[in-house]
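Data first, discussion second: the structure below is written as structure tokens.
The values are calculated or read from the model by the stated rules, or taken from the named source; none is laboratory data. All values derive from a computational prediction rather than experimental measurement. Methodologically, a virtual Cβ is constructed for each residue, glycine included, from the backbone with ideal geometry; neighbour enumeration extends over all protein chains shown.
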Amino acid sequence: MCPSPTRRAVILGAAGIPLALRGAASAADNWLLTDRNEIEAAKTKANQNAWAKTALDDVLRNARQALQAPLTLPDRGGQWPHWYSCTRDGVKLETVSPTRHRCPQCGTEYTGEPYDSVVLYGVHSRYAQSVRDLGLAFRFTGDAAYARRAGEILSAYAARYAGYARHNTAGDDKVGGGRIMAQTLDESVWLIPVAWGYSLVRDTLAAPDRARIENDLLVAAAEVIREHRMGIHNIQCWKDSAVGCAGFAAGREDLVKDAIDNPDRGLRAQIAKGVTDDGLWYEGSLGYHSYTTPPASTTTPAPTW
Ligand SMILES: [Zn+2]
């Protein structure tokens with residue numbers, strides 16, 4: 001049992017980083033998101049609790065779907081989801097097809113950009129979730145087919161990443177934009193489950209595949225994210241988490257140190273300067289407090305350090 005986590009520990013736990021730091025399992029069995037002991041504990045819990053079985057079944061169902069779905073990456077990155085609303089009444093659009101987008105309130109139909117690329121935001125997001133769930137399914141079941149599929153998706157992204165144009169929410173190639181997504185924030189939210197999934201299957205992949213995924217995807221994305229420098233800010237916490245997770249997964253200590261120890265924007269600085277004495281995130285909004293401490297705790301245990 002872990003002791004009650006401090007607020008700092010909760011934040012670090014949400015960042016998805018501490019498991020690798022605390023050394024809960026040997027390095028070979030530490031998969032960043034979880035480890036061998038926790039996989040076994042989760043299986044026991046699923047046998048004893050209906051809610052836990054439901055959660056495990058969800059992961060396995062997602063993974064089976066990812067095994068069966070075609071693997072066809074979009075030809076470009078996604079756009080900002082906030083564009084996906086009716087300009088008359090602000091209602092979120094419905095996707096009729098990849099190139100047709102309709103307001104359910106007034107029936108206005110939208111075509112072209114940025115709407116088409118917002119749909120790709122969802123496509124890329126689902127691939128990231130698939131990598132995570134395929135990795136988990138492999139560790140829960142031992143079925144190598146899950147690991148192979150995760151490796152195929154990761155390799156496909158490694159081959160494409162540099163070819164995706166960096167773009168921001170206006171479509172411009174500027175610092176702050178991403179290659180998969182239109183903001184370094186969204187690039188970070190995308191990269192975290194990708195790094196988790198990679199860590200879960202890493203030791204099943206051939207060395208050349210590992211090198212390509214680590215260098216051409218994980219580190220490359222971390223550098224896009226890291227080039228955009230913010231101070232004490234909820235977005236920077238996500239960026240630190242992504243850079244740290246990618247660094248751990250790729251064995252790049254320099255990235256991990258920057259994510260945690262950078263005196264201006266690392267996670268330690270975020271916690272020291274961003275968490276007020278009453279325990280709330282300084283930006284003064286419960287929304288941003290919750291966003292800075294994302295509910296990743298459902299899959300990331302609280303640390304003990
Ligand atoms: Zn409308």
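Regarding the range 67-89, can at least one residue be identified that is over 16 Å from residue 182 (Cα atoms) and assigned to a helix (DSSP H, G or I)? So that I can check it myself, show each step before the final result.
Quick first cut of the range 67-89, residues over 16 Å from residue 182 (Cα atoms) only: 67-73, 85-89.
Filter again for assigned to a helix (DSSP H, G or I), leaving 67-68.
Yes, there is a match, as at least one residue in the range 67-89 is over 16 Å from residue 182 (Cα atoms) and assigned to a helix (DSSP H, G or I).
Can you name the condition, by its number, that residue 220 falls short on among (1) farther than 24 Å from residue 62 by Cβ; (2) of a type in the set (Gly, Ala, Ser); (3) in contact with a Gly (Cβ under 6 Å, 6 or more places away or on another chain)?
(3)
Taking the conditions exactly as written (aliphatic (A, V, I, L, M) and more than 16 Å from residue 190 (Cβ to Cβ)), does residue 260 satisfy them or not? Steps first, please.
Details: aliphatic (A, V, I, L, M): yes; more than 16 Å from residue 190 (Cβ to Cβ): yes.
Taking the combined requirement at face value, the residue satisfies it.
Can residue 102 be described as in the same structural domain as residue 199 (by TED's automatic domain parsing) and without any contact (Cβ under 8 Å) to a residue 24 or more places away in the chain? Show your work before the answer.
Working: in the same structural domain as residue 199 (by TED's automatic domain parsing): no; without any contact (Cβ under 8 Å) to a residue 24 or more places away in the chain: yes.
In short, no.
Which condition number does residue 200 fail, the rest of (1) crowded, with 24+ Cβ neighbours inside 10 Å; (2) under 12 Å from the mean Cα position of the chain (by Cα) being met?
All conditions pass for residue 200, except number (2).
Determine whether the range 74-81 contains at least one residue that is more than 21 Å from the chain's Cα centre (by Cα), modelled with pLDDT of 95 or more and polar (S, T, N, Q).
no
Could you check residue 133 against (1) within 22 Å of residue 235 (Cα to Cα); (2) surrounded by 18 or more Cβ atoms within 10 Å (Cβ to Cβ) and say which number it fails?
Against the list (1) within 22 Å of residue 235 (Cα to Cα); (2) surrounded by 18 or more Cβ atoms within 10 Å (Cβ to Cβ), residue 133 comes up short only on (1).
Quick one: residue 161 ticks every box in (1) buried (at least 18 other Cβ atoms within 10 Å of the Cβ); (2) touching a residue at least 40 places away in the same chain (Cβ under 8 Å); (3) more than 18 Å from the chain's Cα centre (by Cα) except a single one, so which number is it?
Of (1) buried (at least 18 other Cβ atoms within 10 Å of the Cβ); (2) touching a residue at least 40 places away in the same chain (Cβ under 8 Å); (3) more than 18 Å from the chain's Cα centre (by Cα), only one is false for residue 161: (3).
From the list 285, 241, exactly one residue is surrounded by fewer than 21 Cβ atoms within 10 Å (Cβ to Cβ) and either modelled with pLDDT under 95 or assigned by TED's automatic domain parsing to the domain that holds residue 207 (or both). Which is it? Walk me through how you get there before you give the answer.
Values: 241 fails: surrounded by fewer than 21 Cβ atoms within 10 Å (Cβ to Cβ).
Criteria check complete, one pass: 285.
From the list 259, 246, exactly one residue is in contact (Cβ under 8 Å) with a residue 60 or more places away in the chain and either touching a Leu at 6+ places or on another chain (Cβ under 6 Å) or within 21 Å of residue 180 (Cα to Cα) (or both). Which is it? Let's see the steps before the verdict.
Numbers: 246 fails: in contact (Cβ under 8 Å) with a residue 60 or more places away in the chain.
Step by step, each of 259, 246 is checked, and only 259 is in contact (Cβ under 8 Å) with a residue 60 or more places away in the chain and either touching a Leu at 6+ places or on another chain (Cβ under 6 Å) or within 21 Å of residue 180 (Cα to Cα) (or both).
Which one of these does residue 140 not meet: (1) part of a loop (DSSP other than H, G, I, E, B); (2) within 30 Å of residue 53 (Cα to Cα)?
Exception for residue 140: condition (1).
Only residues that are near the ligand (Cβ under 8 Å from one of its atoms) and among the hydroxyl-bearing types (Ser, Thr, Tyr): list them for the range 75-86, please. Steps first, answer last, please.
Just the residues of the range 75-86 that are near the ligand (Cβ under 8 Å from one of its atoms), to begin with: 86.
Result: no residue meets the conditions.
Any residue at all in the range 231-238 that's assigned by TED's automatic domain parsing to the domain that holds residue 289, closer than 25 Å to residue 117 by Cα, out of contact with any helix residue (DSSP H, G or I) (no Cβ under 8 Å at 6 or more places or on another chain) and of a type outside the set (D, E, K, R)?
no
Restrict the check to the range 139-146 and report whether at least one residue is more than 16 Å from the ligand (Cβ to nearest atom), in contact (Cβ under 8 Å) with a residue 60 or more places away in the chain, assigned by TED's automatic domain parsing to the domain that holds residue 60 and among the acidic types (Asp, Glu).
Looking only at the range 139-146, we keep the residues that are more than 16 Å from the ligand (Cβ to nearest atom), and these are 139-146.
With the extra rule that they be in contact (Cβ under 8 Å) with a residue 60 or more places away in the chain, the set shrinks to 139-141, 144-146.
Filter again for assigned by TED's automatic domain parsing to the domain that holds residue 60, leaving 139-141, 144-146.
Checking the rest, the ones that are also among the acidic types (Asp, Glu) come to none.
Checking the range 139-146: not a single residue is more than 16 Å from the ligand (Cβ to nearest atom), in contact (Cβ under 8 Å) with a residue 60 or more places away in the chain, assigned by TED's automatic domain parsing to the domain that holds residue 60 and among the acidic types (Asp, Glu).
I'd like to verify a number: residues in the range 90-117 that are in a helix (DSSP H, G or I) and either more than 16 Å from the ligand (Cβ to nearest atom) or exposed (fewer than 13 other Cβ atoms within 10 Å of the Cβ) (or both), how many? Step through it out loud before you land on a result.
Taking the range 90-117 as the starting set, the residues that turn out to be in a helix (DSSP H, G or I) are 115-117.
Still in the list and also either more than 16 Å from the ligand (Cβ to nearest atom) or exposed (fewer than 13 other Cβ atoms within 10 Å of the Cβ) (or both): 116-117.
Total meeting the criteria: 2.
Of all residues in the range 36-51, count the ones that are in a loop (DSSP other than H, G, I, E, B) and either within 20 Å of residue 200 (Cα to Cα) or in contact with a strand residue (DSSP E or B) (Cβ under 9 Å, 6 or more places away or on another chain) (or both).
First pass over the range 36-51, keeping only residues in a loop (DSSP other than H, G, I, E, B): 49.
Keeping just the survivors that are either within 20 Å of residue 200 (Cα to Cα) or in contact with a strand residue (DSSP E or B) (Cβ under 9 Å, 6 or more places away or on another chain) (or both) gives none.
Selection size over the range 36-51: 0.
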